[in-house]
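Below is one structure, written out as structure tokens, with a few remarks after it.
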Amino acid sequence: MNFYPDAHRMKRELAELVAINSENPPGGEGEVALWIREALAPLGFEIALIEYAPGRFNVEARLANGPGPVFAFNTHMDTVPAGDGWTTDAFILNEREGLLYGRGSCDCKGPLAAMIEAVRMLVTQRQEWSGTLLAILTGDEEVASAGARHYAASKPKIDAVVVGEPTGNACFSAHKGSFRPVVRVSGKAAHSGSPHLGENAVYRAGALMPLVAAFHAEELSRRTHPLVGSPSLTVTRINGGHADNVIPADCELLLDRRLIPGETDASAEAEIRALLVDAQKNHGIRAEIIGYHATTGGATDTPVSAAVVQAALSACAAAGVAKPGPFGFQGACDLVHFIEAGAQGVVIGAGDIRVAHRPDEFVPTDEFVTSAAIYADIARRVFKG
């Protein structure tokens, strides 16, 4: 590859980004958005800071460089909360034994810094490619993908997108989605000294959970997608009762339904409703869906034959990635919203998703630097067709 990232600059800028607290919740990416504007403005980009909700921002940076494809880099500006358990300050980048530690180092301020570096490399070699280069940095990915949803709703013209998430620099062309309904199980309140006069909703919820587990094991686990595997259904939260001496009249379960490409929120909800109907008919369990928790979005995949997938596979291989892919991302991310807007895309980034939401989150330094070269190489290949 003819692209050489500046490792020193990348680490300095990652340190600056990690130092900006953009934990979500509560959210607030404004300071990161201003940092991005300052970084990209000298490169000749048209930059728009889009406040899609009070204190919540997207950034769109656009560089028109003649006729050709519209290519976009995307990642998110928010992080999960730092939490407890860190051995060093979560907001001070710390390099030890070839690893860069800090909140967001791999999810997703590492990909953000690498994309900024890739953009610089492309700008310095703009005589070698033709098309429109976008950098779309979004807010609220960690909770509800509100930023990407807002941006994609305008149906922007984008031919190809690379979404930055930690994949070990391999190419992931598909990802799962998520759907989270809240189910209320009903009982009958009574004094806890006379439990026979009531119907304990917590017990009834306990009877429902094996039915949920059975549906996962006997139905969902038999479905499969070649890249992301099987869908799933599990209980992730339970809440019931309001007083120490009252038999609970209701109990709420939060279900987490992971979707594979081809499934939708509507199809998953229909199956869960059918499960609840069966639970009442055959087991006397009265339960209903009463609400939903926000998620990142649905599942999606991009055909392996797509130009951006082929460009990504070639770029990853050229950078020395031992197993370039394509693979399937087990989590959800913002790619689906760009696909729904008409783009084709992949997910690539340095780091391991398994350390992303933990204390002492880190990204390997060499992967981080290499990812910038991969990003720039993918763009160049797409532009050249």
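Relative to the compact-globule scaling 2.2 N^0.38 Å, provide the ratio for the alpha-carbon radius of gyration of the stretch 226-304.
After normalising by residue count via 2.2 N^0.38 Å, the value is 1.39.
List, in order, the whole-Hz ³J(HN,Hα) value for each residue of the stretch 243-256 obtained from phi through the Karplus relation with A = 6.51, B = -1.76, C = 1.60 and θ = phi - 60°; use x for Gly and Pro.
Couplings: 8, 5, 10, 10, 5, x, 8, 8, 8, 10, 10, 9, 9, 10 Hz.
Taking the highest mean first, how do the peptides 293-300, 239-246 order by number of other beta carbon atoms within 10 angstrom per residue?
Per-residue mean Cβ counts within 10 Å order the peptides as 293-300, 239-246.
Using only Cα atoms, locate the centre of the stretch 1-44 and the centre of the stretch 323-342, then give the distance between them in Å, rounded to an integer.
Value for the Cα centre distance between the two parts: 23 Å.
For THR132, list long-range residues whose amide hydrogen, built 1.01 Å from N in the peptide plane, is under 5 Å from its own amide hydrogen.
ASN65, VAL70, PHE71
Treat every Asp and Glu Cβ in the chain as -1 and every Lys and Arg Cβ as +1, leave all other atoms uncharged, and give the resulting dipole magnitude about the Cα centre to the nearest 20 debye.
I would put it at about 780 debye.
Say the dipole of the stretch 55-144 comes from +1 at the beta carbon of Lys and Arg and -1 at that of Asp and Glu; which of THR132, VAL80, ASN94 then lies farthest toward its positive end?
THR132
Please report Rg over Rh for the stretch 42-127, where both radii come from the alpha carbon positions and Rh follows the Kirkwood definition.
1.05
From the P(r) of the stretch 177-293, could you give the percentage of C-alpha pairs in the tail past 19 Å?
47 percent
Mind listing the long-range amide H neighbours of VAL80? Cut-off is under 5 Å, sequence gap 5 or more, other chains count too, H placed in the peptide plane at 1.01 Å from N.
Those qualifying (amide H under 5 Å, at least 5 residues apart or on another chain) are ASN24.
How high is the FRET efficiency between SER192 and THR124 when r is their beta carbon distance and R₀ equals 51 Å, given to the nearest 0.05?
After rounding to 0.05, the efficiency reads 0.10.
In whole Hz, with x marking every Gly and Pro, tabulate ³J(HN,Hα) for the stretch 45-60 from phi via Karplus 6.51 cos²θ - 1.76 cosθ + 1.60, θ = phi - 60°.
7, 7, 10, 10, 9, 10, 8, 7, 8, x, x, 10, 10, 10, 10, 10
Take the Cα coordinates of the stretch 285-385, assign each an equal point scatterer, and use the Debye formula without solvent to give log10 I(q)/I(0) at q = 0.15, 0.21, 0.22 Å⁻¹.
The computed values of log10 I(q)/I(0) come out as -0.73, -1.23, -1.30.
Per residue, how big is the convex hull around the C-alpha atoms of the stretch 1-59? Give it to me in cubic angstrom, could you?
112 Å³
Return the long-range amide H neighbours of GLY345 (sequence gap of 5 or more, or a different chain), with a cut-off of under 5 Å between placed amide H atoms.
VAL161
For the stretch 189-243, take every pair of Cα atoms, bin their distances at 10 Å starting from 0, and report each bin as a whole percent.
Result, from short to long distances: 20, 34, 23, 15, 7, 1 percent.
Please get the size of the charge dipole for the stretch 177-293, origin at its Cα centre, with Cβ charges of +1 on Lys and Arg and -1 on Asp and Glu, quoted in debye to the nearest 20.
Dipole size: approximately 60 debye.
Using each residue's phi in the stretch 295-300, evaluate 6.51 cos²θ - 1.76 cosθ + 1.60 at θ = phi - 60° and report the 3J(HN,Hα) Karplus result to the nearest Hz, with x for Gly and Pro.
For the stretch 295-300, the Karplus curve yields 9, 5, x, x, 9, 7 Hz.
Over the chain, consider all pairs of different Cα atoms and compute the Kirkwood hydrodynamic radius from their mean reciprocal separation; express it in Å, one decimal.
That comes to 22.1 Å for the chain.
Taking the alpha-carbon centroid of each part, what is the distance from the stretch 205-221 to the stretch 289-304 in angstrom?
Cα centroid to Cα centroid, the span is 21 Å.
Using only Cα atoms, locate the centre of the stretch 222-243 and the centre of the stretch 133-150, then give the distance between them in Å, rounded to an integer.
Centre-to-centre (Cα) distance: 25 Å.
Kirkwood Rh, Cα Rg: Rg to Rh for the stretch 118-236?
Here Rg/Rh amounts to 1.21.
Any read-out appearing in this document is the output of simple, stated calculations on the displayed coordinates, not a laboratory observation. These numbers come from a predicted model, not from an experiment. A quick note on method: Cβ atoms are made from the backbone with ideal geometry, for glycine too, and the neighbour counts reach across all protein chains shown.
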